[in-house]
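Engineer: Here it is: the structure, laid out below.
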Amino acid sequence: MTSKNNIALLLLSIFATLILVQNSIHAQNIDSLVSVLPTKEGKDKIRLLSDLCYYLSFSDVENSEKYGKEALELATQLNDSLLMAGASSDLGILYMNQSEYKKGLERNLYAYEIRKKVGKPENQLGSLSKIGVCYRELGELDKGLDYILQAVRIIEENDLQAKFSTVYENLATTYGMLEKYDLAKETYRKAIKHGTEAGSIQTVYTSLNGEAGIHRTLGEIDSSIFKLNKILTILGEVLDKKNLANTYGNLATLYSKKGSLNKANSLTLKSIELYKEMESNDGIAIGFMNLADFIVENGQARPNKHSAIKYLEAANARLRDNPSIVRQAQYAEISSRFYEQIGDFKKALNYKNQYHTLNDSILNIEKNKTIETLEIQFQTEKKDKQLAEQQVEITVQEARVKQRNSQLLLASSLLLLLIIGGAFVYNYQKNKQTKLEQQVALEKAEAVNKMQSEKLRISRDLHDNIGSQLTFVISSLDNISYVKTEDQKQERLDQLATFTKDTLGQLRDTIWAIKNEEVDTEELFAKLSQFIQQAQRFCPHINFKTNFTKDNQKIFNSNEAINIFRVVQEALNNAIKYSDCTTIELTLDSIGTSVIDNGKGFDRNKIEEGNGLSNMEQRMKELGYKTEITSKIGEGSTVRVYFT
């Protein structure tokens, strides 16, 4: 059991490391986008404004809305439907983050109607899911479930589970609100699985929180507290304000149920302060309602009457402009119990009637019938296809600078010619200086764009290579209970611990590439030699040879270095696993690199390929390099990459 817990902690540590790397890249991306904004025009400017609206929606509400509205206005002027849909969708995300669900619904419906006519099904997914969430928060659970299930159908028909893992988290939350806890837990597990594959820390975190909420609802208080405290211990320093405030609030309700009123109040006040920093009226209202509810829940309404009334009034002030029927129903239910406990039965009855009216509008018989029908239709559909990996590419095109030449007039007289000649020389020097300044600015912008592109590619490489290995570890941990003997369990756990450490090693390889903006062939060879030394320990029956030429060293950027490293690593692993060879030879110089084995060879036309060989060729093709893979039965195999 101890080894299993250690592996779980190691996994969470890897997640925390990924968050720190992604947050660093994310902040640099925002700065880069803002710096090149003045150089953009037309469609490029609209895309850039939309990106800024999305990125800032989590931290800078005012600028996010400003950029989003400007993007929508420019897209409307150009009458570009897809750009109008994108800008409207990003504004919808901003409003949803601020709990302005009516505005969010309006923006997302607008985007969906456009994408439904001119976009691919994949482009409709985000709109469908967000529309479902808005309807859910506005109390129309049947409509909310319908839209989210439409999104899930498209996902599973097109193998997009990893790319849109957050849709499963939205579906699980909706099932929880419908009190369908088994479906909620099952769907949260899917969200965690797909979120891990995609490297989506937000989805994994939110789904873990959702599971803790299900434990709380089912009365499993200690299990829920344990999970939330573990999340805070491992991820507390890298969570954003919204998630941190949400976790504090969830923990507070659990400690109140255990009778720890002081601890519950302390955590709630922390969450309120964070919501105030975010200017989230919805979050502040929830906090004050919880403070009043803790008093009532612990039978302290009479001695703390004035405090409870103060908290309820503070919550009500924040809810006046909140269209969420769910939140209004929560306020009425807490108020009813409070006034009943202090003996004011008239007000208690009034609030109870309000609560039943609001709750009936959320869950009525007709809606329940509709929901049951939707669930049956969804659960009976076939889910045949494999998972696809998330590929998100953010591109900012290079700035174009228009240059115009000036013409000088010739004078007829010598004196005028001398004057004009002097003016010509002066203007020539001035224009030359202006062009030089423009060229410097252009080169600087291109350098920023190139660095941003490389870091985005490496961030995607983190997801692509690490996600599948983490999924394997999680799946193996889930299946460990089926191992019969303790010795076998311990052996399996030891193997998983070793595999997880290898995964962390690969993560460090990628971070190595990020830290080194330039890598020469000698440094790359040293990194590959470390991998070969490790392989030699596990494969003593294979003779590994290495050849390296220092003359005319080639310099790689970080993106080129990590991709060459991955391709050579894949070629070495293939030779070790499949060739039955006794000798493997690695060669690296400024011209290229090669991996040669003396194994059994293969006929590429007759084997069923996975993505391995084609991915190696594609990686090098994107860098402008040529890959040559040759093999003959009984004569071994050769993988060569040419850098020129």
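The values are calculated or read from the model by the stated rules, or taken from the named source; none is laboratory data. Predicted model only: the values in this text are computed from it and were never measured. Quick reminder, even Gly has a Cβ in these numbers, built from the backbone with ideal geometry, and neighbours come from all protein chains shown. When the accessible area is computed, the model is the full protein with side chains, heavy atoms only, and any ligands, DNA or RNA have been set aside. Shrake-Rupley method; radii C 1.70, N 1.55, O 1.52, S 1.80 Å.
Engineer: In this structure, is Glu140 charged (D, E, K, R) and at pLDDT 90 or above? Steps first, answer last, please.
Structural biologist: Details: charged (D, E, K, R): yes; at pLDDT 90 or above: no.
The answer is no for Glu140.
Engineer: Of the residues Arg619, Arg566, which single one is under 25 Å from Glu517 (Cβ atoms), open to solvent by 20 Å² or more (accessible area, probe 1.4 Å), under 39 Å from the mean Cα position of the chain (by Cα) and not hydroxyl-bearing (Ser, Thr, Tyr)? Steps first, answer last, please.
Structural biologist: Numbers: Arg566 fails: open to solvent by 20 Å² or more (accessible area, probe 1.4 Å).
The match here is Arg619.
Engineer: I would also like to ask the following. Find all pairs meeting these conditions: Cβ atoms under 6 angstrom apart; at least six residues apart or on different chains; first residue within segment 529-556 and at pLDDT 85 or above and of a type in the set (A, V, I, L, M, F, W, C); second residue loosely packed, with under 13 Cβ neighbours inside 10 Å and not in a helix (DSSP H, G or I).
Structural biologist: From segment 529-556, the pairs are Ile555/Glu518.
Engineer: Is segment 184-198 home to any residue that is outside any helix (DSSP H, G or I), open to solvent by 40 Å² or more (accessible area, probe 1.4 Å), closer than 24 Å to Tyr147 by Cβ and in contact with a helix residue (DSSP H, G or I) (Cβ under 8 Å, 6 or more places away or on another chain)? Reasoning before the result, please.
Structural biologist: Let us first name the residues in segment 184-198 that are outside any helix (DSSP H, G or I), namely none.
No.
Engineer: Name the residue, out of Ala332, Ala314, that is touching a Phe, Trp or Tyr at 6+ places or on another chain (Cβ under 8 Å), open to solvent by less than 10 Å² (accessible area, probe 1.4 Å) and touching a residue at least 12 places away in the same chain (Cβ under 8 Å). Working first, answer last.
Structural biologist: Numbers: Ala314 fails: open to solvent by less than 10 Å² (accessible area, probe 1.4 Å).
Unique residue meeting the criteria: Ala332.
Engineer: Looking at segment 138-151 only, could you name the residues that are open to solvent by less than 20 Å² (accessible area, probe 1.4 Å) and part of a helix (DSSP H, G or I)?
Structural biologist: If the condition is that a residue be open to solvent by less than 20 Å² (accessible area, probe 1.4 Å) and part of a helix (DSSP H, G or I), then Leu141, Gly144, Leu145, Ile148, Leu149, Ala151 are the ones that fit.
Engineer: So which residues in segment 65-94 are among the hydroxyl-bearing types (Ser, Thr, Tyr) and surrounded by fewer than 24 Cβ atoms within 10 Å (Cβ to Cβ)?
Structural biologist: Step one: filter segment 65-94 for residues among the hydroxyl-bearing types (Ser, Thr, Tyr), giving 67, 76, 81, 88-89.
Within segment 65-94, Thr76, Ser81 qualify.
Engineer: State whether the residues of segment 552-560 include one that is crowded, with 19+ Cβ neighbours inside 10 Å and touching a Cys at 6+ places or on another chain (Cβ under 7 Å).
Structural biologist: So far as segment 552-560 goes, no, none of its residues is crowded, with 19+ Cβ neighbours inside 10 Å and touching a Cys at 6+ places or on another chain (Cβ under 7 Å).
Engineer: Given the conditions (1) of a type outside the set (S, T, N, Q); (2) more than 30 Å from Lys276 (Cβ to Cβ); (3) under 20 Å from the mean Cα position of the chain (by Cα), and given that Val133 satisfies all but one, which numbered condition is not satisfied?
Structural biologist: That leaves (2) as the condition not met.
Engineer: Kindly indicate which of Thr187, Thr233, Thr203 is at pLDDT 85 or above, within 30 Å of Tyr255 (Cα to Cα) and polar (S, T, N, Q).
Structural biologist: Answer to the selection: Thr187.
Engineer: Out of Ser324, Ser260, report the one residue that is open to solvent by less than 10 Å² (accessible area, probe 1.4 Å), of a type in the set (Ser, Thr, Tyr) and modelled with pLDDT under 90. I'd like the intermediate steps shown before the answer.
Structural biologist: On the way: Ser260 fails: open to solvent by less than 10 Å² (accessible area, probe 1.4 Å).
The unique qualifying residue is Ser324.
Engineer: Same structure again: Mind listing whichever residues of segment 104-128 are of a type in the set (Lys, Arg) and either closer than 22 Å to Ser324 by Cβ or in a helix (DSSP H, G or I) (or both)?
Structural biologist: So in segment 104-128, the residues of a type in the set (Lys, Arg) come out as 107, 115-117, 120.
Arg107, Arg115, Lys116, Lys117 - these are the residues of segment 104-128 that are of a type in the set (Lys, Arg) and either closer than 22 Å to Ser324 by Cβ or in a helix (DSSP H, G or I) (or both).
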